[in-house]
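The values are calculated or read from the model by the stated rules, or taken from the named source; none is laboratory data. These numbers were taken from a predicted model, which means no experiment stands behind them. Reconstructed Cβ throughout: ideal geometry from the backbone, glycine too, with neighbour counts over all protein chains shown. These accessible areas exclude ligands, DNA and RNA; they are computed on the full protein's heavy atoms, side chains included. Shrake-Rupley method; radii C 1.70, N 1.55, O 1.52, S 1.80 Å.
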Amino acid sequence: MDRDNLFGLFKESIQGQVEHHLKAEFGAQENLTFKFEIPPEPSLGHLALACFPFAKATKQAPPKIAQLLAQKIEPNRAWERVVASGPYLNFFLNPKELASLVFPQVLKPDYGCSSLGKGQKVMLEYSSPNTNKPLHLGHGRNNLLGMALSRLLETAGYQVIKANLVNDRGIHICKSMLAYQERWVYAELPLPPTPQSTGKKGDKLVGDFYVAYDKKSKEDPTVADQAAQLLRDWELGKPEVLALWRQMNDWVLKGFEVTYQRLGCEFDRFYFESKTYQSGREIVLKAFGQGLCGKEDNGAISVELDDPNQPKKILLRGDGTSMYITQDLGTTVQKFQDYAPLDRCLFVVGNEQDQHFKTLFEVLGRFGYSFGLEHISYGMITLPEGKMKSREGTVVDLDDLLDELKGMAAEEILAREMFDPQTQGPQIEFTAEAIGQGALKFLILKSGAAKEITFNPKESLSFEGATGPYLQYTHARISSLLAKAATEPAVEPKLEIGADWNEGETGLLLALAKYYEVLLASVTDRNPGALCNYLFELCRSFNKYYYDTPVLKAETRTLVEARLGLCLAVQAVLAKGLRLLGIEPLTKM
RNA sequence: GCGCUUGUAGCUCAGCUGGAUAGAGCAGUGGACUUCGAAUCCAAAGGUCGCAGGUUCAAAUCCUGCCAGGCGCACCA
């Protein structure tokens with residue numbers, strides 16, 4: 001058990017004692033299962049152990065077991081009282097002892113870091129955009145999930161390689177290229193448009209052509225053939241086609257980079273499908289040679305899947321060319337070679353590809369690769385009117401959304417008059433950006449990845465209640481309190497003080513101790529939402545406490561120092577948690 | 001049709017490795033700023049946990065069936 005995991009240690013010590021008594025009293029031999037819970041009300045205790053599971057081993061009624069254990073277990077430094085409450089055995093922590101354990105832990109710079117993934121190297125592939133249109137809110141969900149997960153994995157001790165597999169080739173790119181060649185938009189410009197000449201972000205410019213293509217293709221079905229011809233020319237390596245392709249991809253990727261930087265997304269490695277799309281063929285041919293695949297009449301290579309409901313999967317076309325799954329076979333093997341020894345590879349990809357990944361993993365296993373593979377699936381974001389469609393212009397553009405949120409935040413900031421618009425323009429900018437992003441990131445990360453999100457701009461974009469800005473506000477309030485303490489009465493926060501902690505304070509101490517386990521759960525479940533909920537609850541408890549309890553105006557100086565210490569500890573954990581989510585902990589807003 | 005997935009308060013969602021009266025936020029109602037930031041706090045109100053069976057001492061949680069939404073079912077990606 002990790003020494004930093006206070007809750008874990010508490011549980012472990014209780015478990016040991018309970019086991020001992022149950023064996024001594026009833027001769028219980030079997031493996032006893034322990035189910036710890038947090039009692040519904042603090043007045044019942046701080047930690048509860050349900051005694052139902054012991055009934056079989058002891059042949060006693062759960063309330064009886066609880067009573068007996070309550071008598072047998074000696075209170076110690078950590079446990080002030082142990083009481084039976086029906087079938088539960090409830091433990092009351094000694095707040096002073098708790099404080100003396102919690103404070104030094106919480107203020108360590110690496111509090112929350114665990115050794116769960118120590119020595120393990122994992123690749124996390126996320127984002128993986130197409131280079132024919134700008135990023136929209138759906139990509140936003142992917143990017144935010146990916147970044148949050150990579151940071152969570154890192155705090156758990158994993159070495160994380162963040163990879164982006166860019167889909168930079170194929171018919172969709174050729175559509176934009178065709179529209180560009182034919183100038184279906186920006187026809188009025190004397191020269192072919194560029195991001196410079198139009199003042200447009202590169203991804204937006206290319207996106208305009210993609211939309212133009214779609215419009216045109218509805219009027220004139222022959223353009224599809226032209227796009228297909230362009231793709232063939234690309235594969236043949238026609239210089240002028242390649243040049244245009246490079247040019248347009250370059251614009252798009254430069255545009256993406258701006259958005260990535262803005263969101264705080266980073267990558268250690270880019271893979272480009274233009275370089276990998278033919279890979280995997282050798283792997284399939286080799287497997288065929290080993291008798292692991294079948295051959296279709298026209299020469300295509302296929303496999304039967306475990307699930308009899310699934311049709312047989314083609315791995316190589318009759319003409320010998322690669323398919324989507326073929327290249328994924330190839331790139332996955334390549335990833336494990338590039339970063340050998342690699343323990344795991346996670347793919348953050350939307351749930352429309354659930355089946356694809358199931359198949360991919362199955363086939364790799366069939367071919368003898370024992371990779372640790374995991375698909376991190378997430379639901380679509382839809383609008384109240386329905387699905388987002390880039391072609392029909394019903395998308396929520398990510399850059400635009402961030403701008404809009406920033407603007408809304410700026411209005412709120414100005415209304416509060418915390419900054420002087422004349423002299424503090426840059427601070428206002430920075431803060432507005434942080435609040436806007438805080439709102440979006442928390443909104444997206446708080447709900448389970450499997451769930452679809454209906455994004456209603458009017459209702460979703462809020463800065464009140466269970467939102468990012470609420471957490472940021474809590475952090476800002478604590479910051480200004482601590483700043484005030486340092487100047488006005490000039491008090492230092494003191495830790496490990498044996499103050500007479502009240503119920504609210506004990507609750508906060510417990511919550512701080514719980515952070516460690518929350519992170520572990522977030523990592524193992526690949527669920528940043530657990531961290532979101534925890535942080536929100538922490539802030540709720542703090543805000544209530546803060547409202548009820550004077551800190552700087554507490555009765556004695558000792559009490560002022562102790563309470564300041566507690567505030568400092570809450571601030572520290574809150575800031576750490578927010579950073580993991582990619583949300584800026586603000587000191588003023 | 002088959003597979004995966006979701007269905008909890010008017011709305012958005014926690015809880016779902018079974019356990020003490022099902023929790024938040026938003027909206028609506030009432031209240032708290034001459035006290036450390038009211039982007040806050042408090043109170044009341046709001047629920048057949050999609051429906052029906054089953055397993056269990058105990059089911060929102062596990063199993064089965066049904067209903068509804070989403071996604072997928074190409075020698076597309």
* **Hey, residue A:186 touching a residue at least 12 places away in the same chain (Cβ under 8 Å), aromatic (Phe, Trp, Tyr) and buried (at least 20 other Cβ atoms within 10 Å of the Cβ) or not** => no
* Asked: Does residue A:162 satisfy the condition of being open to solvent by 10 Å² or more (accessible area, probe 1.4 Å), in the same structural domain as residue A:341 (by TED's automatic domain parsing), among the charged types (D, E, K, R) and within 16 Å of RNA strand B (Cβ to nearest atom)?
  -> no
* **Matching residues in segment A:266-295 - criterion: being in contact (Cβ under 8 Å) with a residue 40 or more places away in the chain, closer than 19 Å to residue A:250 by Cβ and open to solvent by 60 Å² or more (accessible area, probe 1.4 Å)** => A:269, A:270
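So that you can scan it fast, the table gives a plain yes or no per residue for (1) at negative phi; (2) open to solvent by 20 Å² or more (accessible area, probe 1.4 Å); (3) in contact (Cβ under 8 Å) with a residue 40 or more places away in the chain; (4) near RNA strand B (Cβ under 7 Å from one of its atoms):
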{"site": "A:451", "(1), (2), (3), (4)": "yes, yes, yes, yes"}
{"site": "A:477", "(1), (2), (3), (4)": "yes, yes, yes, yes"}
{"site": "A:484", "(1), (2), (3), (4)": "yes, yes, yes, yes"}
{"site": "A:487", "(1), (2), (3), (4)": "yes, yes, no, no"}
{"site": "A:495", "(1), (2), (3), (4)": "yes, yes, yes, no"}
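Please count how many residues of segment A:547-589 are among the small types (Gly, Ala, Ser) and buried (at least 22 other Cβ atoms within 10 Å of the Cβ).
4
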* Does residue A:461 qualify as being more than 7 Å from RNA strand B (Cβ to nearest atom), in the same structural domain as residue A:575 (by TED's automatic domain parsing) and open to solvent by less than 60 Å² (accessible area, probe 1.4 Å)? -> yes
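Looking at residue A:551, is it among the β-branched types (Val, Ile, Thr) and either assigned by TED's automatic domain parsing to the domain that holds residue A:348 or part of a helix (DSSP H, G or I) (or both)?
no
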* Does residue A:346 satisfy being within 13 Å of RNA strand B (Cβ to nearest atom) and modelled with pLDDT of 95 or more? -> no
* Could you check residue A:101 against (1) open to solvent by 40 Å² or more (accessible area, probe 1.4 Å); (2) under 30 Å from residue A:163 (Cβ atoms) and say which number it fails? => (2)
* Enumeration of residues in segment A:247-265 that are open to solvent by less than 30 Å² (accessible area, probe 1.4 Å) and in contact with a Ser or Thr (Cβ under 9 Å, 6 or more places away or on another chain) -> A:248, A:249, A:251, A:252, A:256, A:260, A:265
* Hey, could you check segment A:522-546 for residues that are under 20 Å from residue A:142 (Cα atoms) and near RNA strand B (Cβ under 9 Å from one of its atoms) and say which is surrounded by the fewest Cβ atoms within 10 Å (Cβ to Cβ)? => A:525
* So is residue A:318 without any contact (Cβ under 8 Å) to a residue 40 or more places away in the chain and under 14 Å from residue A:366 (Cα atoms) or not? -> no
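Can you name every residue in segment A:312-324 that is farther than 18 Å from residue A:166 by Cβ and within 7 Å of RNA strand B (Cβ to nearest atom)?
Selection gives A:314, A:317, A:318, A:319, A:323.
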* Unique residue being under 39 Å from the mean Cα position of the chain (by Cα) and free of Cβ contacts under 8 Å to residues at least 24 places away in the same chain when the list is A:242, A:263, A:230 -> A:242
* To do: Could you identify the single residue in A:86, A:117, A:146, A:140 that is in contact (Cβ under 8 Å) with a residue 12 or more places away in the chain, on the phi > 0 side of the Ramachandran plot and not β-branched (Val, Ile, Thr)?
  => A:86
* What are the pairs, 6+ residues apart or on separate chains, where a residue within segment A:420-431 that is more than 18 Å from residue A:402 (Cβ to Cβ) has its Cβ under 7 Å from a residue that is open to solvent by less than 100 Å² (accessible area, probe 1.4 Å) and not aliphatic (A, V, I, L, M)? -> A:427/A:419
* Structure fact -> When restricted to A:300, A:287, the only residue away from RNA strand B (no atom under 11 Å from the Cβ) and of a type in the set (Gly, Ala, Ser) is A:287
* To do: Determine, yes or no, whether residue A:46 is more than 9 Å from RNA strand B (Cβ to nearest atom), at pLDDT 90 or above and not assigned by TED's automatic domain parsing to the domain that holds residue A:519.
  => yes
* To do: Please report, ordered by residue number, the helices (runs of 4 or more DSSP H) entirely within segment A:55-123 with at least 2 residues that are at pLDDT 90 or above.
  => A:62-72, A:95-106
* Working only within segment A:374-397, note down all residues that are open to solvent by 30 Å² or more (accessible area, probe 1.4 Å), touching a helix residue (DSSP H, G or I) at 6+ places or on another chain (Cβ under 7 Å) and among the aliphatic types (A, V, I, L, M). => A:380
* To do: Just one of (1) within 30 Å of residue A:134 (Cβ to Cβ); (2) more than 8 Å from RNA strand B (Cβ to nearest atom); (3) open to solvent by 40 Å² or more (accessible area, probe 1.4 Å); (4) in the same structural domain as residue A:566 (by TED's automatic domain parsing) trips up residue A:400, so point out which.
  => (4)
